[in-house]
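**Q** What follows is a single structure, and I will ask about it in a moment.
Rule-based calculations on the coordinates, nothing more; no lab input. Values in this document were obtained by computation on a predicted structure and should not be read as measured data. Glycine gets a Cβ as well: all are built from the backbone with ideal geometry, and neighbour counts include every protein chain shown.
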Amino acid sequence: VSGIIGHTMYALLGVRAAAQRDLPVARIAQRHLSSYLCGAYLGADVGTVPSVICQDTGTPLGYGSERILKSPLTGGPVKPWRLELDGKFITPRQIHD
C-alpha cells in the first residue's frame with residue numbers, strides 16, 4: 001500500500017509493534033506522533049528528494065524525477081541529484097522505477 005494512507009498505516013503498525021516489545025523508541029514516537037507520522041510519509045516518498053543540483057550555487061532544485069535542464073536560479077548548468085548508498089549512486093527515477 002502506497003501513498004499517505006499506506007505510509008501512515010505502516011508507521012502506526014510499526015509503533016504498535018515497538019510498544020508491544022517495550023522498545024524505548026516507541027515512547028518517543030508516541031510522544032511525537034504527528035511528527036513521526038509526517039516523517040514516515042515524507043521520508044518514504046521519492047517525491048521529497050531534489051531533482052537536480054545547480055552547479056553554480058550547489059543548491060538542490062526541483063522535486064523528485066522532475067526534468068530540469070538548466071538552473072532557474074542562474075540559467076547555468078545542473079547535474080542530477082543522486083542518492084549515494086554503499087558507494088552506489090541512485091537517481092530519483094531509479095528509486096521511482
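**Q** Run the numbers for Leu33 and Thr59: contour at 0.36 nm per residue of separation, minus the present Cα-Cα distance, in nm.
**A** Value of the extension gain: 6.2 nm.
**Q** Kindly provide the trypsin sites (Lys or Arg not before Pro) of the stretch 1-44 that DSSP labels as loop, not H, G, I, E or B, and whose Cβ sees at most 10 other Cβ atoms within 10 Å.
**A** Arg21
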